[in-house]
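Please read the structure below before turning to the comments.
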Amino acid sequence: MGHKYSIISVMGLLILGATSLTAYFSWHPKTPRSIQSSQQADAVMENVSAIIMDKQGKPSMKIVSPKMIHFAANDTTQLVEPELTLYRKSPKPWYIRAKHGQATAGIDKVNFWDNVTIHHAADENNPVTFIKTPTLTVHPDKQIALTKDLITLIQPNLIVKATGMYADMNTGDIKLISQARGEYVPNS
């Protein structure tokens, strides 16, 4: 009789082990190969400095990044510490910097996040302008920048905090969306 119970115990342990292995492997779903390959980079570039020209052969934009990673499946490019320069009709360009960025549809739209700064030197129509925000979306072809996040805009004798911004970088017009509060800062 003891031998019969030993065989039943061994069979029970084997069934329990097989059930456990089946449960373990079904709990960790496998990713199909097509999904894995679509998330793989098709190009990696380091120490990038690219100038994009307009139809007249004049610089319209410059992109500088220590590392860019392109994904063909959705035509996006991850940018590490991007610096974007937007040239416009004025002789003074706009400079945008951030810790991270992502360009979609080639360079139709560029999203920046994490310590975003925008700088524009003074020109004949606009004062020197410095803007800080956590996120920013730029449409380079349209020369438009916007955010729904908090911004701090700094100009000579003025500091303005607001929620949301729409900037036409070609004309220099900056529209604050809501909760704008300004502070006059006299020259010292």
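Derivation of every value follows stated rules applied to the coordinates shown; laboratory data play no part. The structure presented is a predicted model; accordingly, all values stated were derived computationally and were not measured. Neighbour counts run over all protein chains shown; Cβ positions are idealised from the backbone, glycine included.
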Practice task
Pull out the extension gain between Thr85 and Leu158, defined as 0.36 nm times the separation in residues minus the alpha carbon to alpha carbon distance; nm, one decimal.
Solution key: 23.9 nm
Fill in the blank from the handout: Highest mean packing first, using Cβ neighbours within 10 angstrom, the peptides 148-154, 173-179 sort as 148-154, 173-179
Completion exercise
Checked against a 25 Å limit on the C-alpha separation, the offending pairs among Lys132/Lys175; Lys62/Lys132; Lys67/Lys109; Lys89/Lys148 are Lys89/Lys148
Completion exercise
Output ordering of 45-53, 162-170 (per-residue mean of other Cβ within 10 Å, highest first) is 162-170, 45-53
